[in-house]
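*Asks:* One structure, as structure tokens, below. Some questions next.
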Amino acid sequence: MTDTFNIGKYEFTSRLIVGTGKYPTMEAMQAAHDASGAQMVTVAIRRIALDDPRGKSMLDFIDRAKYAILPNTAGCYTADEAVLTAQLARELLDTDLVKLEVIGDARTLYPDTRETLAAAERLVKDGFTVLPYILDDPVACKQLEEIGCSAVMPLAAPIGSGLGVCNPYSIRIIKEGAHVPVIVDAGVGTASDAAMAMELGIDALLMNTGIAAARDPALMAEAMRDAVAAGRKAFLAGRMEKRLYANASSPMRDLISTAGA
């Protein structure tokens with residue numbers, strides 16, 4: 001049976017969402033997207049370059065027949081800015097999807113929880129399918145779900161840090177209490193980070209810098225695709241119990257009883 005998950009009315013089989021920033025070229029971005037197997041691509045509306053010498057914008061390099069566009073409000077520092085940016089994105093891209101980002105600190109790029117909650121409430125009332133970027137805070141995630149967000153997106157580590165999942169215990173608590181998809185966003189640096197995150201039982205991963213900043217973005221995208229799939233399978237399979245002491249794979253008791261017979 002196909003392992004799918006839903007964000008609002010949208011259904012996906014790929015549990016990897018990719019970004020569009022920091023690639024050396026638009027062609028490198030396209031190759032990485034193809035290799036990732038992703039079905040959703042996030043785009044920072046306030047950072048779309050419209051002055052390409054070839055007369056193209058970033059959107060010209062994304063095949064909308066293959067990828068759902070997830071506009072995001074990166075660069076916004078207030079609820080008002082985020083709501084306006086989301087509304088402009090809806091007009092530009094004809095989608096109700098929005099990744100909500102309201103930054104509270106320019107150095108760490110940590111989200112402002114109060115402003116995020118305020119923006120989320122307004123956007124949900126306005127008919128958006130809201131995916132909010134938020135701290136790995138179980139209380140804030142539950143509040144965003146109660147507002148009506150279609151998913152919650154706790155960070156693994158600061159944006160672009162590549163530190164991996166810094167607090168797996170918080171992510172597990174968020175997932176255990178959630179009735180909407182939990183998508184880990186920010187901080188995943190390599191394939192082992194992606195597999196570890198998925199083994200916690202989360203629904204999907206969003207990553208950008210971990211792929212875009214690799215020496216070979218397309219190859220890293222392929223590695224992340226495989227790691228996400230492997231981590232998901234390991235979670236579904238159910239890992240063995242951890243033990244302090246050794247436990248022989250071939251117990252001697254069964255061998256002795258057979259020999260005695």
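The values are calculated or read from the model by the stated rules, or taken from the named source; none is laboratory data. What you are looking at is a predicted structure, and each value in this text was computed from that prediction instead of being measured. All Cβ positions, glycine included, derive from the backbone under ideal geometry; neighbour counts span all protein chains shown. SASA here: full protein model, heavy atoms, side chains in, ligands and nucleic acids out. Shrake-Rupley method; radii C 1.70, N 1.55, O 1.52, S 1.80 Å.
*Asks:* State whether one or more residues within the stretch 189-202 are charged (D, E, K, R) and within 13 Å of the chain's Cα centre (by Cα).
*Replies:* The answer is yes, given that some residue of the stretch 189-202 is charged (D, E, K, R) and within 13 Å of the chain's Cα centre (by Cα).
*Asks:* Continuing with this model, one more query. Can you confirm whether A186 is at pLDDT below 95 and surrounded by fewer than 10 Cβ atoms within 10 Å (Cβ to Cβ)?
*Replies:* Numbers: at pLDDT below 95: yes; surrounded by fewer than 10 Cβ atoms within 10 Å (Cβ to Cβ): no.
No.
*Asks:* Looking at the stretch 196-226 only, could you name the residues that are open to solvent by 10 Å² or more (accessible area, probe 1.4 Å) and either farther than 17 Å from L155 by Cα or basic (K, R) (or both)?
*Replies:* Correct list: A213, A214, R215, D216, P217, A218, L219, M220, E222, A223, R225, D226.
*Asks:* Counting only residues that are charged (D, E, K, R) and not in a helix (DSSP H, G or I), which one in the stretch 1-41 is least open to solvent (accessible area, probe 1.4 Å)?
*Replies:* Going residue by residue through the stretch 1-41, those that are charged (D, E, K, R) are 3, 9, 11, 15, 22, 27, 34.
If we keep only those that are not in a helix (DSSP H, G or I) as well, we get 3, 9, 11, 15, 22.
Details: D3: 56, K9: 152, E11: 118, R15: 14, K22: 132 Å².
Checked the stretch 1-41; the qualifying residue least open to solvent (accessible area, probe 1.4 Å) is R15.
*Asks:* Could you say whether any residue in the stretch 102-109 is open to solvent by less than 20 Å² (accessible area, probe 1.4 Å), in a helix (DSSP H, G or I) and either without any contact (Cβ under 8 Å) to a residue 40 or more places away in the chain or out of contact with any Gly (no Cβ under 6 Å at 6 or more places or on another chain) (or both)?
*Replies:* First pass over the stretch 102-109, keeping only residues open to solvent by less than 20 Å² (accessible area, probe 1.4 Å): 102-103.
Still in the list and also in a helix (DSSP H, G or I): none.
No, the stretch 102-109 contains no residue that is open to solvent by less than 20 Å² (accessible area, probe 1.4 Å), in a helix (DSSP H, G or I) and either without any contact (Cβ under 8 Å) to a residue 40 or more places away in the chain or out of contact with any Gly (no Cβ under 6 Å at 6 or more places or on another chain) (or both).
*Asks:* Mind listing whichever residues of the stretch 60-70 are surrounded by 15 or more Cβ atoms within 10 Å (Cβ to Cβ) and more than 20 Å from the chain's Cα centre (by Cα)?
*Replies:* F61
*Asks:* Residues T73, T85, T78, T95: which one is in contact with a Ser or Thr (Cβ under 6 Å, 6 or more places away or on another chain), among the polar types (S, T, N, Q) and either over 23 Å from K142 (Cβ atoms) or open to solvent by 30 Å² or more (accessible area, probe 1.4 Å) (or both)? Walk me through how you get there before you give the answer.
*Replies:* Values: T73 fails: either over 23 Å from K142 (Cβ atoms) or open to solvent by 30 Å² or more (accessible area, probe 1.4 Å) (or both); T78 fails: in contact with a Ser or Thr (Cβ under 6 Å, 6 or more places away or on another chain); T95 fails: in contact with a Ser or Thr (Cβ under 6 Å, 6 or more places away or on another chain).
Only one candidate passes the filter, namely T85.
Yes/no per residue for (1) modelled with pLDDT of 95 or more; (2) charged (D, E, K, R); (3) touching a Gly at 6+ places or on another chain (Cβ under 8 Å); (4) within 18 Å of K9 (Cβ to Cβ):
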residue	(1), (2), (3), (4)
A118	yes, no, no, no
G127	yes, no, no, yes
I134	yes, no, no, no
L144	yes, no, no, no
G148	yes, no, no, yes
A156	no, no, yes, no
L163	no, no, yes, no
C166	no, no, yes, no
P181	yes, no, no, yes
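*Asks:* Has the stretch 188-203 got any residue that is of a type in the set (A, V, I, L, M) and either closer than 21 Å to C76 by Cα or in a strand (DSSP E or B) (or both)? If you could, list the steps in order and put the result at the bottom.
*Replies:* We begin by selecting, within the stretch 188-203, every residue of a type in the set (A, V, I, L, M); these are 188, 191, 194-198, 200, 202.
Going one step further and asking which of them are either closer than 21 Å to C76 by Cα or in a strand (DSSP E or B) (or both), we end up with none.
No, the stretch 188-203 has no match at all.
*Asks:* Evaluate the stretch 135-147: report whether one residue or more is in contact (Cβ under 8 Å) with a residue 60 or more places away in the chain and crowded, with 19+ Cβ neighbours inside 10 Å. Reasoning before the result, please.
*Replies:* Taking the stretch 135-147 first, the residues in contact (Cβ under 8 Å) with a residue 60 or more places away in the chain are none.
Scanning the stretch 135-147, I find no residue that is in contact (Cβ under 8 Å) with a residue 60 or more places away in the chain and crowded, with 19+ Cβ neighbours inside 10 Å, so the answer is no.
*Asks:* Is one or more of the residues making up the stretch 44-62 among the small types (G, A, S), part of a loop (DSSP other than H, G, I, E, B) and either on the phi > 0 side of the Ramachandran plot or modelled with pLDDT of 95 or more (or both)?
*Replies:* Keep residues of the stretch 44-62 that are among the small types (G, A, S), which gives 44, 49, 55, 57.
Now narrow it down to the ones that are part of a loop (DSSP other than H, G, I, E, B): 49, 55, 57.
Keeping just the survivors that are either on the phi > 0 side of the Ramachandran plot or modelled with pLDDT of 95 or more (or both) gives 55.
Yes, the conditions are met somewhere in the stretch 44-62.
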